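Below: one structure, written as C-alpha cells.
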Amino acid sequence: MAQQTEHLGRNRTGVQMSPIDTAAMQDSDNAPIRGAPGDERALLDAREAVIAHAGGIGSIPAPGTPTLKGDRPHILLDKLGERLAFERTGTRLYDALLAKCDVMPSAPAGMTRTHVEEIRRDEARHFLLLKDAIESLGGDPTAQTPSADVTGVESLGLVQVLSDPRTSLAQSLHALLTVELADRAGWQTLIALAGEAGQDDLVAGFTLALDDERRHLALVQGWYHEAIGLTPVPGMLPPAAATPGPGADI
C-alpha cells in the first residue's frame, strides 16, 4: 500500500517556536501589539458599497438559432458553458497527474497510467459531448458564459496544486477528489435543467457522463485513501476494476 510521502521537519510556521512573542501577542493589555480597539464594521461597509454598485459577470450569449423552450432556456446554455469549461480544465488536470505518475514512485495500488489515461479520455469526451450539445441548441461553444467564467476562477487553485512540481501524489489526488465531487454535482444539475427544457436526447447523453463521473469519484477516492495509508471504505469501487476505453483529445 502506498504511503503519504510528506516527512517530519522543523516547525517553521507555528507559534510554538516563539513562546515569548506568542505570550506577548496574546496579552490583552499589550495594545501596541494587539492594535487599536475596533471591529470589522468599516470593512463590511466597504464591501457592501462595492457589491451594491457592481455589475454582473458578463452575460449569456443569445443562441444564433434558438431551439430551446421553457421559461429559463438561457440558464441551460449558461450551465452548458460552465460544464464545458470544467471538463476542459479537468482534462488538463489529468494531464498534469499523468506527468507525476511517470516520475513519482509508490503510486497507490491499482492506480496505473492506464487507469488515469482512461479518466482523462472520459473528460475529453465529455468536453466534446458538451460542445455538440451547445451547437445543437444554436449556441456558440467558444463563448464564455458567466458561469464558465466563475468556474474558471474556482478551478485556479486546483490547477496550481496539480501543476506544482512539489505536490505529492496524495496531495494531487486530494485536489482531484474536490474536482470529481464538483463534477458529479454539476452533471446532476445539468441533467435536471435539460429535463426541464424537454431535451430528452441531452438527458440521455448527460446521464451516461454522470455514470462516468461516479466511477471517477470512486476511483480517485480509493486511490487517495490508499495514498495516505487508509483502506478504501466498503462499497467503494476497487481501483483495479477500471478498464481503458475510447476517448478523444482536445
>> Can you find, within the range 172-220, the residue that is surrounded by the fewest Cβ atoms within 10 Å (Cβ to Cβ) among those that are in contact with a Gly (Cβ under 8 Å, 6 or more places away or on another chain) and among the acidic types (Asp, Glu)?
In response: GLU196
>> Pull out all pairs, ordered by first then second residue, where Cβ-Cβ is under 6 Å, the residues are six or more apart or on different chains, the first lies in the range 180-199 and is farther than 26 Å from TYR224 by Cβ, and the second is surrounded by 19 or more Cβ atoms within 10 Å (Cβ to Cβ) and modelled with pLDDT under 95.
In response: LEU193/LEU76; ALA197/LEU76
>> Just checking: which of the helices (runs of 4 or more DSSP H) contained wholly in the range 9-100 hold 1 or more residues that are basic (Lys, Arg), out of contact with any helix residue (DSSP H, G or I) (no Cβ under 8 Å at 6 or more places or on another chain) and modelled with pLDDT of 90 or more?
In response: 41-53
>> I need the full set of residues from the range 213-250 which are at pLDDT 90 or above and farther than 22 Å from THR167 by Cβ, in order please.
In response: GLU213, ARG214, ARG215, ALA218
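When the range 97-150 is examined, which residues are found to be polar (S, T, N, Q), touching a residue at least 60 places away in the same chain (Cβ under 8 Å) and more than 23 Å from SER59 (Cα to Cα)?
Of everything in the range 97-150, those that are polar (S, T, N, Q), touching a residue at least 60 places away in the same chain (Cβ under 8 Å) and more than 23 Å from SER59 (Cα to Cα) turn out to be SER106, THR114.
Please specify each residue of the range 102-116 satisfying the condition of being in a helix (DSSP H, G or I), over 11 Å from LEU173 (Cβ atoms) and of a type in the set (A, V, I, L, M, F, W, C).
VAL103
Okay, residues lined up against (1) surrounded by 15 or more Cβ atoms within 10 Å (Cβ to Cβ); (2) within 21 Å of the chain's Cα centre (by Cα); (3) within 30 Å of ALA197 (Cβ to Cβ):
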position	(1), (2), (3)
LYS100	yes, yes, no
ALA109	yes, no, no
THR142	no, yes, yes
PRO146	yes, yes, yes
SER155	yes, yes, yes
LEU158	yes, yes, yes
VAL161	yes, yes, no
> Condition test on GLY205, is it in contact (Cβ under 8 Å) with a residue 60 or more places away in the chain and not in a helix (DSSP H, G or I)?
Replying inline: no
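For the range 124-142, indicate whether the set of residues that are among the β-branched types (Val, Ile, Thr), touching an Asp or Glu at 6+ places or on another chain (Cβ under 9 Å) and part of a helix (DSSP H, G or I) is non-empty.
Yes, the range 124-142 has at least one match.
The values are calculated or read from the model by the stated rules, or taken from the named source; none is laboratory data. Everything quoted here is computed from the prediction, not taken from an experiment. Virtual Cβ from ideal backbone geometry, glycine too; neighbours counted across all protein chains shown.
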